[in-house]
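Just below is one structure, and these are the notes that go with it.
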Amino acid sequence: MRNESLHPPKWPLKLLRLFIREQYLEEIEGDMEEIFFDNVERYSVRKAIRIYTWEMIKLLRPGLIRQFRFLNSFNRFGMLSNYFKVSIRGLMKNPLNSFINLFGLASAIGICMFSYAIFRWTYDRDQFHENKNSVYLVTAFAPRNGTMQEYGRTPRPLAESLQQDFPQIEKVCRVEDRNIVVKYHDQVFNERIRLVDPTFLQMFTFPLKWGAAESLKDVNSIVISEPMSEKYFGEQNPVGEILLINFDKDRSKEFKVVGVARKFPDARSMDFTFLAHFDNLRTSESDYNFHDWAAQLNATFIQVNDPKDIKPVLRGMTKYRQLQNEAVSEDFAIDSLGLEQLATLHIKTEDIRDDIFREGTKDNIASIAFLAAISILMLALACSNYINIAIVSVTKRLKELGVRKSIGATRKVIILQFLSENIVTTFFALLIGILLGRFVVIPWFEGLWYFSMDFKFGDVNLWIFLVVVMFFTAIASGIYPALYISRFQPVSILRGSLRFGQKNPITKVFLGFQLVLACVFITSAVIFTLNSDYLAEREWGYSNRDVIYAQLPDELSVEQLKNVMEENAHVISTARSVQHIGRQQRQVLIAFPSQEQEVDMLAVDGNYFNTMGVDIVQGRGFNEHETSDRQGVVVSQTMVERLRWDNPVGEQFKMDSVQYEVIGVVKDFHSYSFSSPLRPTFFTHADKSDYRFLSMKVEKGSMRESYEFLRKKWSLLFPESPFSGGYQEDVWGTYYVQLSIHGHVWRVFASVAVMLALLGVYGLVSLNVSSRKKEFSIKKVLGANIKNISNSIFQQYYLLLGFSLALGTPLSYVVIVAIMDFANAYHMNVTFWHVGLAAILLIFVLLGTISTQVVKVFKTNAVDGLKTE
Amino acid sequence: MKKTKLGEFEELVLLTVAALQSEAYGVEIKRELEERLKEKLSVGSIQSALKRMEDKGYLTSQFGEPTQKRGGKRKRIYATTSHGRKVLEEMKNIRAGLWSAIPKLAYEVKLA
């Protein structure tokens, strides 16, 4: 009956042999084995193994485990309380050193806690959805510019077909977004509405503050978010109120508010402001075809009964590919359909082209790696301080050690003592660190970026993490000093013949390491600060100054506003366009006989280049006459480079099967911020009826005035619609603010790192000086001046400083270039001069720190130094 | 009574050892008790009860035969000592005395 190849698992047995008393071992082992084979017969092997393991663990109880000798050989409580007392006294006796240690460790722990908070915040994204594992986004893959691009937009009829064809699919949900104007009494705002199937609120479990999710089934109902509720109705419960919604100029409809979503969790990929039934598309558009495979909607979601069912669905979906590809032109043919699980969607949204998700977490994941590295480096800095100070300051405790050893303390006991003292110190540091993290670092960071990372102390993992950090730090910082100190013989200690601690090469190594790190941090701070100045000055490739713009709903309004604005004497020129640099560009696919390219397109009028200051470097721009140059395009230099045209003017390509010819080339300009690389872009001559933007070049210095004028005229012309427009300088929104935040963050980290290193140096130098007090006093009595004394103090640091800088500067250079390349597509040229600047800064603060000690030595009376003892 | 400290679970284990006679070793005791109590017991709880009672002198033990099923390890067969049996008897008498001390009426009322 017994299967020879079957064995109980090995490691629990090993655990047992290690801990159970020897005399019980044979019996218990036998019992366990017998039960194991009984269970194998009764249940599955896996369950038997599980029971076996768990039983083994439960066997570890006081009556059965061995008595371990080291725990028994002395009265633990008395000893530990003595250690505790000694550590507290030690902390009180050297306030400076204690401060350096505690403060250093606490800041490092604070930063660690902050990194953890960011980590948790990132990976908590969307985890509040109850159906996060069974809800999937349907995606489409299509080849673009040589790689496979994933799209979040999918054909309109796909949801219905999926629902009919797959029994595994429990629910489907279509999502379409539309721009609307919302009116409530005298309040009018531009908003965006999300039209969805009523299943939306069942799939995505956003809790409601007021009202019921089911009411969304009614086509006249609307659910709004909490900020919208406050915006329109204040603090009151708006359920039952009526909102008038204009889909466009001619179509409007009244909706009854049936629900208000509770404040959305901060860690979310998707939300809504206004939510209504999908069938409203029949009202909003006369020609919305629900069954057109050639048209797409913003998103399609499915929910399956069981996540395991997803494979057959994925396989079965391949049949839709043909349906889709028959309906659309060849350019838009897809390669395959895919599914993305809601739980992990946030990591991928960066790579999926979609319309409904907020910024993905991919960037955060990169910054978590950075932060983790920084946290570890900070811990390393703080630990180095600790080790250095511990080694040097132990000279003052040699007698204590000698006495402890001669009354019977073994080396193990001494190590245990030093480690437990360390744990006491680290524990205090942990307390301060938690306070620092919670009340300084996290609020600081949240304040910088205007977001809330929803930090809670209730998280069990946080405490596990902090305790692990504490023990790790305590042991990492304490193990070397403990081993080093416990090595000495009591006889030589008590005889007084032993002198050590001042010339330990290890302290030099740690100090050097700290200086190298400080060098890297200072360089980063310097470069990030200089870079944000550099980018602020960097040309955008067109004139973004003295230009204002407005976005309008239709061509007629554009003409009306244009006529009014041209009357103003400050306005030099105006231009109309369909898209606008920095605000909107269309991504189109252009075809050559041999290849396809995805590029950006802007449709503009003849005046646009002139008004926006886009320089034509070759060929010509568009003719002023509105019907000319229909087939002509003006391309950017990047596009010329990308397509490897030697002589761009006259080149041809096709778009939507219409032939276009290049008539001119413009200088490159940045439509997106400097963080993303230039994209190939071209201009076409816009059709008059499509005009949506009006841009105006105004006289220098009259920008604010003209902007006020624009706003005034707008409210006269279009009292019904909210103002939409702005300064061209502001089109990148918060980009410059973000840049300066990056600089700020690095400066803070650099300051902390430098401060830690300086504290370390200060502590070390002051210990060194105080132990040489007699020597200096004698020197002074014999007539040494400040130069002699400073020489003898500085002497031992020159070499160290030289070495650290020789290692630190090239390293800083490599690190900072890597970071800059990663963060910005366009950045300043980092030269050795910049790194040198950082090094000089470091040298100055370092020498300054050491000088404080020199001054102190010089000021003390030599007699005081000599009369001790 | 004071010197014979016997927990409820210990008492059950001790009774099982007495009942099983020469069959009383760890696995068998566990099996028997699980059947009677209708609940799962861990090896650890049985073993620590056995060891505790051996220390108190209610039980003795000696090695039995090794079997193949146990990977060649010997069983340890437990037997009650006369002291253990006396304690069990005492417990039983105390309980019986208490039961008979409950007035009949109260008992029946409770039951009804």
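Descriptive notes on the structure:
- Tally, over the stretch A:12-71, of residues that are in a loop (DSSP other than H, G, I, E, B) and farther than 12 Å from residue B:44 by Cα: 6
Every residue, every condition in (1) part of a helix (DSSP H, G or I); (2) surrounded by fewer than 20 Cβ atoms within 10 Å (Cβ to Cβ); (3) at pLDDT 80 or above, yes or no:
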site: A:476; (1), (2), (3): yes, yes, yes
site: A:483; (1), (2), (3): yes, yes, yes
site: A:500; (1), (2), (3): no, yes, no
site: A:515; (1), (2), (3): yes, no, yes
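- Residue match in the stretch B:75-88 (condition: on the phi < 0 side of the Ramachandran plot, in contact with a helix residue (DSSP H, G or I) (Cβ under 9 Å, 6 or more places away or on another chain), of a type in the set (D, E, K, R) and surrounded by 15 or more Cβ atoms within 10 Å (Cβ to Cβ)): yes
- Just one of the listed residues (A:74, A:84, A:128, A:99) is more than 12 Å from every other protein chain (Cβ to nearest Cβ), at pLDDT below 85 and assigned to a loop (DSSP other than H, G, I, E, B), namely A:74.
- Selection status of residue A:650, within 17 Å of residue A:622 (Cβ to Cβ) and in contact with a strand residue (DSSP E or B) (Cβ under 7 Å, 6 or more places away or on another chain): yes
- Looking at A:345, A:337, just one residue is within 20 Å of the chain's Cα centre (by Cα) and surrounded by 20 or more Cβ atoms within 10 Å (Cβ to Cβ), and that residue is A:345.
- Annotation: of all residues in the stretch A:565-601 being within 23 Å of residue A:729 (Cα to Cα) and aliphatic (A, V, I, L, M), the one that is surrounded by the most Cβ atoms within 10 Å (Cβ to Cβ) is A:581.
- One residue stands out in the stretch A:810-845 among those that are among the small types (Gly, Ala, Ser) and part of a helix (DSSP H, G or I): the one that is surrounded by the most Cβ atoms within 10 Å (Cβ to Cβ), namely A:812.
- Residue B:90 being more than 9 Å from chain A (Cβ to nearest Cβ) and without any contact (Cβ under 8 Å) to a residue 60 or more places away in the chain: no
- Single unsatisfied condition, residue A:282 versus (1) under 19 Å from residue A:160 (Cβ atoms); (2) within 39 Å of the chain's Cα centre (by Cα): (2)
- Qualifying residue in the stretch B:22-33 (condition: crowded, with 17+ Cβ neighbours inside 10 Å, modelled with pLDDT of 90 or more and farther than 18 Å from residue A:33 by Cβ): yes
- Matching residues, the stretch A:382-397, being crowded, with 20+ Cβ neighbours inside 10 Å and either not polar (S, T, N, Q) or not assigned by TED's automatic domain parsing to the domain that holds residue A:101 (or both): A:382, A:383, A:386, A:387, A:389, A:390, A:391, A:392
- Candidate set: the stretch A:724-746, residues that are assigned to a loop (DSSP other than H, G, I, E, B) and touching a residue at least 60 places away in the same chain (Cβ under 8 Å); chosen: the one nearest to the chain's Cα centre (by Cα): A:732
- Cβ-Cβ contacts under 8 Å between residues 6 or more apart (or on different chains), taken from a first residue in the stretch A:7-25 that is assigned by TED's automatic domain parsing to the domain that holds residue A:38 to a second residue that is assigned to a strand (DSSP E or B), are listed as A:19/A:65; A:20/A:65; A:21/A:65.
- Residue A:113, sole failed condition from (1) part of a loop (DSSP other than H, G, I, E, B); (2) at pLDDT 85 or above; (3) not acidic (Asp, Glu): (1)
- Residues satisfying the stated conditions in the stretch B:34-54, i.e. within 8 Å of chain A (Cβ to nearest Cβ) and part of a loop (DSSP other than H, G, I, E, B): B:42
- Complete set of residues in the stretch A:33-54 that are farther than 14 Å from residue B:67 by Cβ and within 9 Å of chain B (Cβ to nearest Cβ): A:54
The values are calculated or read from the model by the stated rules, or taken from the named source; none is laboratory data. Treat the numbers as computed from the prediction; the structure is a model and nothing was measured. Here the Cβ is made from the backbone with ideal geometry for all residues, glycine too, and neighbour counts use every protein chain on show.
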